[in-house]
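S.K.: Right, I'll just put the structure down here and ask away after.
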Amino acid sequence: MNKIKLTLREKPVVVLEAEVISPDLFVEQSNEEIRASVVYHGKRQKRIDDFFDVEGERSDCIEIHGDLNRVRHVGRAMTRGEVTIHGDVGMHLGALMKGGTIEVHGNAGDWVGGEMKKGKIHIHGDAGQQVGAAYRGSILGMQGGTIVVDGNAGIEVGMRMRRGIIVIGGTARDFVGLQMKGGTILLCGGAEIRTGAWMQRGTIISLKELALMPTFAESGAYNPTFLNVYSQHLQALGVQLPYAEADGRYRRYSGDRGVPGKGEILIWEPAV
Amino acid sequence: MTCTLGEVKNRADFIVYWGGNPAECHPRHFTKYALMPKSQFLPRGRKDRTMVLVDIRETKSVKASDVFLQVRPGKDFELITVLRAMIKDQPISEAQIAETGLSVEQLQDFVARMKAARFGVFFFGMGLSMTRGKHMNSAALLTLAAEMNAFTKFVAMPMRGHGNVTGADVIMRWQTGYPFGISFNRGYPRYNPGEFSTVDVLVRGDTDCAFIIGADPGATMPKPAIEHLKRVPTIVLDPHVTHTSKMARVHITTAPAGISAPGTAYRMDEIPLPLRPALESPYPSDEEVVRRIKETILKKPDWMGERPQMLTTQV
Amino acid sequence: MRPRGCVPRGWQSENLKGPDRMLRITGGTVYDPANGINGEVRDLDVEDGKFVSSVTGGRTIDATGLVIFPEGVDVHTHVAGGSINFARAMTPEDHRRTQAFIRSQTRRSGLGGMAPTTFATGYLYAGMGFTTVNEAAVPVLSAPHTHEEIADIPIVDKSCLVLMANNEIMLDLLEAGEYERAKRMVAWHVWAAKAYGVKAVNPGGVAAWKWGKDAKQRSEPVEGYKNTTPGSIAASLAKIIDELGLPHPIHLHCNNLGAPGNVSTTLETMKHLEGHRAHLAHLQYHACGGDDWHAMKFEAAQLAEYFNAHPNMTTDAGAVLFGDTVTITADGPWQHLLYKLTGRKWGNLDVENETGCGIVPSSYRPSNLVNAVQWATGLELLLLIDDAWRVFLSTDHPNGACFWRYPEIIQLLMCADYRKECMAQLPPEIKNRITLPEIDRECMSFENCPVEMERIERAEIQQCIAA
Ligand SMILES: [Zn+2]
């Protein structure tokens, strides 16, 4: 398949803002046009080929190599295509994204999929803070799509999210699902403190014990039927979600009563 | 949800200090604004007011308080959220309340007092805003104050630290729309605390130069940030020799603002206080130094390149 | 207050030297109702800031194909000071989605939107042909802050009004019948705040709000007082301002803003003010009939009729346009009501000795009956008041809509067909609540040019600034 390959020659000295690395733009551009695309190195306007070797043209399939730790806004607001990154990547990966897929073989910075609407992001390493979260002052965070992080994540995962699924394979830090309004967060390795703080609606599932806020109340244990639907969906993403009664059950908590909200937190209790 | 200190002085009959030690850190706060003053509406001064102190340990301020609530360290956010639930009559179990280090009776009494107040005010200090949870802890208290307005008048106000922090915040807001954590690299202001806030930028090493006016990050910031300041050319404007000026490539001595250089300081409630210089200084003011640097930069070739006048979609 | 970098120094014409004193504008189509010029293509010559019959030398601007008309004046807007600055802090999400001004060698960066930054405010107003704006609410305590912001608004001329009607010292003096001392107090406040006039917001109501209450009835004493009523405060202030000879009359924001049935309050207020000059601010918000939100209809016709018969008054429309905005006003009680209605963010800022100010982001929707009626009422007022020289175009920025949307209102006023098109999206229940569909006046019918009457105010303001 026709592919565009970008290789970062060396790590930029200061932050490189490269929202132009997007399948929506590259699909219509010649190699020369891609090379000439404007990126911001700090306050200065530069060309992509000041930093990257560019191979290929007119494709919505982009492969990037190198340590992009300081490269931000990759795949911003993209609606289609594929971006694969071999190496670490900086903040705002796939923020405001409306479609397509992003895969990172490495770690990602903060705001992965911030306020995204649709599409899929898979981080094989760790993610930073505010995965799928709302930017400061916005009412809604992630509004759809899927984010899977195999490693750990920072604070405020899914802050104010409305719809969509976030899976954290490792441990998340504080304030998972802060002010969440809907959607689902799956925590395979548990989380630190204040999970579900101020949530209004939505579901947080944890496969490990959680230290909950005092404003959550236990309301029974069960094996919700919607979980086997979810389980099948997640299986396709390589995530195992237990749901069979023989394996255990979920303790259900509702809250946050401080709001008061109707969110639920399900904590897996394996059968002994 | 805030008001000026004069409003507190004249009207507040219920005062809560949260995560601060005003007796030692803001000694004049009690006498000038919050506790002692008599007013038309509170003719008996201190006797007409109730003061509640919420903190993790007993400080000298306890003596001045009517009620002291000792919250378990790191449980402020939980406690405020429990209070948010309680004012709305949401059931919270005794065991859950106990997690915060306080009893059901204590909290019921506190809620009853809050609701009975005519004009309540929360002052919150660094004990709340700089501990784990940070801006969410402050947000929690602001939200509680907003929700209390369903019952009575309530406001919340931060007890800001030294210097003219409020002034910087106010001016940044009118010039850029944002209070702090702003980047101008695209030619217009963008805001994202965590991304553009000074400490985060330095810790990650995202800059290749630092220009510091009237602050001493060398004394307060985490080690990686200080290491980065040593690595890049750092320019400091300060009347004094500071930790930062010692590690800086350039230190320009300036006239101390408010003492030798005129200007406006903003009190923590955003009331402007014009400052008239009392002493002469042989050194230029910060403003003059910055202006001259700017004039020199303007003579350099334009690095902005072709950019539109206006953008309708921002990044 | 020292002017900051961006304010062009020496911009006053008397400071200009040599050829800069002269300006020639050629080939433009000129509209100037005050001088009976109706769409003539002609050249204009300016010397020392005044029109003259001819100049030699100086700069020439080719205005061929352009329209030249008298500049706009916004008599009631909120562009500088503590409350709009609070609103800026509350709406980062709006700053992100709005237009951004990019810095250049001659221009500062800024952001537009619901609460534009100071530099952007100047650029946006100037871009619409406005030259003078009047910040309508300044608490005396933070007036220096307002003036610092004003110094950072480039290009346009600025003035401001000091808030008076809830000043406790004032109320105490009036309660004690100390009229003369109250008058000196007002004079001192105007001087101390470096204001152009006096604004009275919800007389007595804000004072009551500080206890979480409101002043609903004009004839009942204000909370905490025996004799002082909202009506008596407004009347005394109007008298004081006339006697002090301030160029701008009392700038009155009546009680019960936005509440159903407040039209009776407004009419009563107008009667109280007979014999004095008065400016009624954002009249649209004070024109509600009916007893509750469901029965609510707007009584623009009734108000306009009274207004037409009383030449002592001027007003601004406080028109509403559909879309997102942030409401900010010194009227705290109304804000709390809005917060409860919309459930959005709410900021409140009480300043001692005068004011409270509330800030709530909200949006006006055509599908919402109340909003739709408000939209129609603002336009009705502008269209039904016969003497266009006494009614100003305003949206009470940012409350009804942002000032940079004025061109939309001007289009609505000038074009009956466009109005009909817009009315089509209103809910059907609106039929008997508004009179807009029956009005087919088109404002630009020369003798009634609303832009024009703003010129008079401008002359006044300029005098004051010069003084
Ligand atoms: Zn107004």
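S.K.: Report, by residue number, each residue of region A:74-117 that is within 14 Å of chain B (Cβ to nearest Cβ), closer than 22 Å to A:Val38 by Cα and open to solvent by 30 Å² or more (accessible area, probe 1.4 Å).
M.R.: Within region A:74-117, A:Arg76, A:Ala77, A:Asp88, A:Leu96 meet the criteria.
S.K.: Right, here's the next one. In region C:71-112, what residues are facing another protein chain (nearest Cβ under 7 Å), among the polar types (S, T, N, Q), in contact with a Gly (Cβ under 7 Å, 6 or more places away or on another chain) and under 22 Å from C:Gly323 (Cα atoms)?
M.R.: The answer is C:Thr91, C:Gln99.
S.K.: Against the conditions (1) in contact (Cβ under 8 Å) with a residue 24 or more places away in the chain; (2) open to solvent by 10 Å² or more (accessible area, probe 1.4 Å); (3) of a type outside the set (S, T, N, Q); (4) within 14 Å of chain B (Cβ to nearest Cβ), where does A:Met199 fall short? Just the number, please.
M.R.: Result: A:Met199 passes all but (2).
S.K.: Which of the following residues is assigned to a loop (DSSP other than H, G, I, E, B), within 16 Å of the ligand (Cβ to nearest atom) and within 10 Å of chain B (Cβ to nearest Cβ): C:Ala115, C:Ala165? Break it down into steps so the answer makes sense when it comes.
M.R.: Details: C:Ala165 fails: within 10 Å of chain B (Cβ to nearest Cβ).
From the options C:Ala115, C:Ala165, the qualifying one is C:Ala115.
S.K.: Turning to a different aspect of this structure: All but one of (1) at pLDDT below 75; (2) open to solvent by 30 Å² or more (accessible area, probe 1.4 Å); (3) within 16 Å of the ligand (Cβ to nearest atom) hold for C:Thr355; state the number of the condition that does not hold.
M.R.: (2)
S.K.: Let me ask something else about it. Which one is modelled with the highest pLDDT, of the residues in region C:6-60 that are open to solvent by 60 Å² or more (accessible area, probe 1.4 Å) and of a type in the set (A, V, I, L, M, F, W, C)?
M.R.: C:Val41
S.K.: Could I ask something else about it? Select from region C:58-80 the residues that are assigned to a strand (DSSP E or B) and in contact (Cβ under 8 Å) with a residue 60 or more places away in the chain and write down the one among them that is nearest to the ligand (Cβ to nearest atom).
M.R.: Initial filter on region C:58-80 (assigned to a strand (DSSP E or B)): C:59-62, C:67-68, C:72-77.
Now restrict to residues that are in contact (Cβ under 8 Å) with a residue 60 or more places away in the chain: C:72-77.
Numbers: C:Gly72: 17, C:Val73: 15, C:Asp74: 11, C:Val75: 10, C:His76: 6, C:Thr77: 8 Å.
So the residue we want is C:His76.
S.K.: Considering each residue of region C:85-107, count those that are under 18 Å from the mean Cα position of the chain (by Cα) and modelled with pLDDT of 90 or more, and give that number.
M.R.: First pass over region C:85-107, keeping only residues under 18 Å from the mean Cα position of the chain (by Cα): C:85, C:87.
Restricting the remaining residues to those that are modelled with pLDDT of 90 or more gives C:85.
Counting residues in region C:85-107 that are under 18 Å from the mean Cα position of the chain (by Cα) and modelled with pLDDT of 90 or more gives 1.
S.K.: Of all residues in region A:132-150, which are of a type in the set (A, V, I, L, M, F, W, C) and open to solvent by less than 30 Å² (accessible area, probe 1.4 Å)? I'd like the intermediate steps shown before the answer.
M.R.: Here is the first cut: in region A:132-150, the ones of a type in the set (A, V, I, L, M, F, W, C) are A:133-134, A:139-140, A:142, A:147-149.
Within region A:132-150, A:Ala133, A:Ala134, A:Met142, A:Ile147, A:Val148, A:Val149 meet the criteria.
S.K.: Moving to a separate point now. Collect the residues in region B:303-312 that are at the interface with chain C (Cβ under 7 Å from one of its Cβ atoms) and without any contact (Cβ under 8 Å) to a residue 40 or more places away in the chain, keeping them in residue-number order.
M.R.: Hits for region B:303-312 are B:Pro308, B:Gln309, B:Met310, B:Thr312.
S.K.: Of all residues in region C:93-145, count the ones that are out of contact with any Cys (no Cβ under 7 Å at 6 or more places or on another chain), aliphatic (A, V, I, L, M) and in contact (Cβ under 8 Å) with a residue 24 or more places away in the chain.
M.R.: Qualifying residue count for the region: 10.
S.K.: Now for a separate question. Output yes when any residue across region C:381-393 is away from the ligand (no atom under 16 Å from the Cβ) and closer than 22 Å to C:Ser83 by Cβ, and no when none is.
M.R.: no
S.K.: Moving on to the next point. For region B:93-111, name all the residues that are under 18 Å from B:Met148 (Cα atoms) and either open to solvent by less than 60 Å² (accessible area, probe 1.4 Å) or facing chain A (nearest Cβ under 8 Å) (or both).
M.R.: Hits for region B:93-111 are B:Leu107, B:Phe110, B:Val111.
S.K.: Criterion first (β-branched (Val, Ile, Thr), outside any strand (DSSP E or B) and closer than 30 Å to C:Gly224 by Cβ) does B:Thr31 satisfy it?
M.R.: Numbers: β-branched (Val, Ile, Thr): yes; outside any strand (DSSP E or B): yes; closer than 30 Å to C:Gly224 by Cβ: yes.
The answer is yes for B:Thr31.
S.K.: Right, here's the next one. Taking the options B:Ala265, B:Ala278, B:Ala255, name whichever one is out of contact with any Pro (no Cβ under 6 Å at 6 or more places or on another chain) and either within 14 Å of another protein chain (Cβ to nearest Cβ) or among the aromatic types (Phe, Trp, Tyr) (or both). Reasoning before the result, please.
M.R.: Details: B:Ala278 fails: either within 14 Å of another protein chain (Cβ to nearest Cβ) or among the aromatic types (Phe, Trp, Tyr) (or both); B:Ala255 fails: either within 14 Å of another protein chain (Cβ to nearest Cβ) or among the aromatic types (Phe, Trp, Tyr) (or both).
Answer to the selection: B:Ala265.
S.K.: In region C:247-272, what count of residues is obtained for those that are under 18 Å from the mean Cα position of the chain (by Cα), away from the ligand (no atom under 15 Å from the Cβ) and more than 20 Å from C:Val222 (Cα to Cα)?
M.R.: 2
S.K.: What are the residues in region B:176-190 that are facing another protein chain (nearest Cβ under 7 Å) and surrounded by fewer than 23 Cβ atoms within 10 Å (Cβ to Cβ), if any?
M.R.: Step one: of region B:176-190, the residues facing another protein chain (nearest Cβ under 7 Å) are B:176-179, B:184-189.
Matches in region B:176-190: B:Pro179, B:Phe184, B:Asn185, B:Arg186, B:Gly187.
S.K.: Any chance you could count how many residues in region B:63-92 are away from chain A (no Cβ under 14 Å), closer than 23 Å to B:Leu142 by Cα and not in a loop (DSSP other than H, G, I, E, B)? Write out each step before concluding.
M.R.: Step one: of region B:63-92, the residues away from chain A (no Cβ under 14 Å) are B:63-70.
Cutting the leftovers down to closer than 23 Å to B:Leu142 by Cα gives us B:65-70.
With the extra rule that they be not in a loop (DSSP other than H, G, I, E, B), the set shrinks to B:67-70.
Count: 4.
S.K.: Now for a different question. Applying the selection to region B:214-262, what residues are surrounded by fewer than 19 Cβ atoms within 10 Å (Cβ to Cβ), polar (S, T, N, Q) and within 27 Å of A:Val13 (Cα to Cα)?
M.R.: The one that is surrounded by fewer than 19 Cβ atoms within 10 Å (Cβ to Cβ), polar (S, T, N, Q) and within 27 Å of A:Val13 (Cα to Cα): B:Thr220.
S.K.: Out of all the residues in region B:156-167, is one or more open to solvent by 10 Å² or more (accessible area, probe 1.4 Å) and either in contact with a Cys (Cβ under 9 Å, 6 or more places away or on another chain) or at pLDDT 90 or above (or both)? Spell out how you get there, then give the answer.
M.R.: Of the residues in region B:156-167, the ones open to solvent by 10 Å² or more (accessible area, probe 1.4 Å) are B:158-165.
Filter again for either in contact with a Cys (Cβ under 9 Å, 6 or more places away or on another chain) or at pLDDT 90 or above (or both), leaving B:159, B:161.
The answer is yes; a qualifying residue exists.
S.K.: Could you list, in sequence order, all residues of region B:10-50 that are within 20 Å of the chain's Cα centre (by Cα), surrounded by fewer than 21 Cβ atoms within 10 Å (Cβ to Cβ) and within 14 Å of chain C (Cβ to nearest Cβ)?
M.R.: The one that is within 20 Å of the chain's Cα centre (by Cα), surrounded by fewer than 21 Cβ atoms within 10 Å (Cβ to Cβ) and within 14 Å of chain C (Cβ to nearest Cβ): B:Lys32.
S.K.: Let me ask something else about it. Look at C:Ala137 and say whether it is over 18 Å from B:Pro308 (Cβ atoms), touching a helix residue (DSSP H, G or I) at 6+ places or on another chain (Cβ under 9 Å), within 14 Å of chain A (Cβ to nearest Cβ) and within 16 Å of the ligand (Cβ to nearest atom).
M.R.: On the way: over 18 Å from B:Pro308 (Cβ atoms): yes; touching a helix residue (DSSP H, G or I) at 6+ places or on another chain (Cβ under 9 Å): yes; within 14 Å of chain A (Cβ to nearest Cβ): no; within 16 Å of the ligand (Cβ to nearest atom): yes.
It is false that C:Ala137 is over 18 Å from B:Pro308 (Cβ atoms), touching a helix residue (DSSP H, G or I) at 6+ places or on another chain (Cβ under 9 Å), within 14 Å of chain A (Cβ to nearest Cβ) and within 16 Å of the ligand (Cβ to nearest atom).
The values are calculated or read from the model by the stated rules, or taken from the named source; none is laboratory data. Just so you know, these numbers come straight off a predicted model, no measurement behind them. Note that each Cβ is placed from the backbone with ideal geometry, even for glycine, and that neighbours are counted across all protein chains shown. The accessibility values were calculated without ligands, DNA or RNA, using every heavy atom of the protein model including side chains. Shrake-Rupley method; radii C 1.70, N 1.55, O 1.52, S 1.80 Å.
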